[in-house]
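Enquirer: Handing you a structure now.
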Amino acid sequence: MAAYLRRMRYALNLPIGGPSAHPRRLAEFAALAEDSGWDAVFVEDYIVYQNRQDVPTYDPWVALAAMALATSRVRLGTMVTPLARRRPWKLAREAVTLDHLSGGRLILGVGVGDPTDFTFACFGEETSLSARAAMTDEALDILAGLWTGEPFRFEGRHYRVGEVTCLPPPVQRPRIPIWIGGGHPNPRPLRRAARWDGAWLYTVTGPGSTEDTGGVLSPADLRAVRREIDARRPDGASFDLVVGGPRRGHDQERERERLRASAEAGATWTGEWIPPAEPEVMRAAVARGPLRIR
């Protein structure tokens with residue numbers, strides 16, 4: 001797994017809600033992240049931030065446009081966009097526009113949506129996770145088809161697309177990378193991810209479990225995920241596996257050892273979440289840069 005050590009890259013995951021989530025502020029943070037050595041900046045995608053109706057929430061796609069104009073190198077994306085609440089053809093156009101605006105730096109992170117997110121029911125959207133999963137799979141096929149720039153049509157259970165050609169195609173070829181978010185060891189997110197370009201998974205613990213991993217996959221879990229992904233992708237195409245997501249711990253050497261073990265297990269990216277805070281607190285967290293493997 002030495003190759004993964006060489007390939008490890010470092011991403012920030014920023015909140016789309018809270019006192020520092022205004023698009024101008026997020027653009028400032030993205031520019032600072034680029035100057036501080038981060039490789040990517042992701043934003044969350046909520047209608048109401050983590051069910052907190054007292055917290056200001058902004059649109060991630062407008063914020064990403066501001067971030068694209070403020071940067072030139074870092075990758076940008078959502079982690080994650082719940083596809084079942086989006087019209088896939090509208091998202092396809094938004095993503096292509098952002099890919100062109102950023103010069104081909106977009107990564108689209110998608111999932112079925114937080115099971116506890118009350119806004120699905122609040123706005124009369126699909127609440128069944130199995131139905132949302134099926135909608136997600138169909139929507140992914142539609143995105144990929146519309147991004148070809150060739151005539152495309154689709155007939156599914158949840159969506160229908162009459163023959164249409166959408167131009168321009170993305171800057172990135174063959175298309176914008178798609179990363180799948182979801183819980184591990186649930187099998188469906190992993191099967192879905194194997195069809196696309198990457199996975200950002202978190203650990204789901206069962207009822208009564210006393211294990212507290214902060215949602216981070218262990219090296220053993222990462223190795224199992226990498227084996228299954230490789231088995232499902234016999235063509236040997238590259239696949240990004242992201243580990244992490246929580247805020248950084250105080251013991252930096254312990255954190256580095258965890259990252260090294262994760263890279264040896266097959267991770268190619270590590271993601272660090274910065275929780276909502278006042279601007280000066282978040283600015284300092286971004287400016288310290290990634291905790292790189294030595």
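Enquirer: Spot the failing condition for Pro115; the list is (1) touching a helix residue (DSSP H, G or I) at 6+ places or on another chain (Cβ under 8 Å); (2) at pLDDT 95 or above; (3) in a loop (DSSP other than H, G, I, E, B), and only one is missed.
Expert: Looking at each condition in turn, Pro115 falls short on (2).
Enquirer: Go through region 80-112 and report how many residues are of a type in the set (D, E, K, R) and in a helix (DSSP H, G or I).
Expert: Residues that pass the stated criteria total 5.
Enquirer: I need the full set of residues from region 142-160 which are within 19 Å of Glu126 (Cβ to Cβ) and surrounded by 17 or more Cβ atoms within 10 Å (Cβ to Cβ), in order please.
Expert: Those that are within 19 Å of Glu126 (Cβ to Cβ) and surrounded by 17 or more Cβ atoms within 10 Å (Cβ to Cβ): Ile142, Leu143, Phe154.
Enquirer: Residue check: is Arg247 within 30 Å of Thr57 (Cα to Cα) and at pLDDT below 95?
Expert: Here the answer is yes, as Arg247 does meet what is asked.
Enquirer: Report yes if Ala267 is modelled with pLDDT of 95 or more and either within 15 Å of Leu201 (Cα to Cα) or not in a helix (DSSP H, G or I) (or both), otherwise no.
Expert: So Ala267 passes the test.
Enquirer: Now for a different question. Quick one: Pro174 ticks every box in (1) within 23 Å of Phe42 (Cβ to Cβ); (2) surrounded by 12 or more Cβ atoms within 10 Å (Cβ to Cβ) bar one, so which box is it?
Expert: So the condition that Pro174 fails would be (2).
Enquirer: Keeping to region 214-273, report how many residues are on the phi > 0 side of the Ramachandran plot and buried (at least 17 other Cβ atoms within 10 Å of the Cβ).
Expert: 3
Enquirer: Identify all residues within region 67-85 that are touching a strand residue (DSSP E or B) at 6+ places or on another chain (Cβ under 9 Å) and among the basic types (Lys, Arg); write none if there are none.
Expert: Arg75
Enquirer: While we're looking at this one, here's another question. Can you confirm whether region 27-50 contains a residue that is more than 23 Å from Pro279 (Cβ to Cβ), touching a Ser or Thr at 6+ places or on another chain (Cβ under 7 Å) and either among the basic types (Lys, Arg) or modelled with pLDDT of 95 or more (or both)?
Expert: Looking through region 27-50, at least one residue is more than 23 Å from Pro279 (Cβ to Cβ), touching a Ser or Thr at 6+ places or on another chain (Cβ under 7 Å) and either among the basic types (Lys, Arg) or modelled with pLDDT of 95 or more (or both).
Enquirer: Another question about this same structure. So which residues in region 33-66 are surrounded by fewer than 17 Cβ atoms within 10 Å (Cβ to Cβ), of a type in the set (Asp, Glu) and part of a helix (DSSP H, G or I), if there are any at all?
Expert: Asp35
Enquirer: How many residues are in a helix (DSSP H, G or I) and either of a type outside the set (Lys, Arg) or over 14 Å from Asp240 (Cβ atoms) (or both) if we restrict to region 215-229?
Expert: Residues that pass the stated criteria total 10.
The values are calculated or read from the model by the stated rules, or taken from the named source; none is laboratory data. Since the structure is predicted, the reported quantities are computational estimates derived from the model, not experimental observations. Cβ atoms come from the backbone with ideal geometry, glycine included; neighbour counts cover every protein chain shown.
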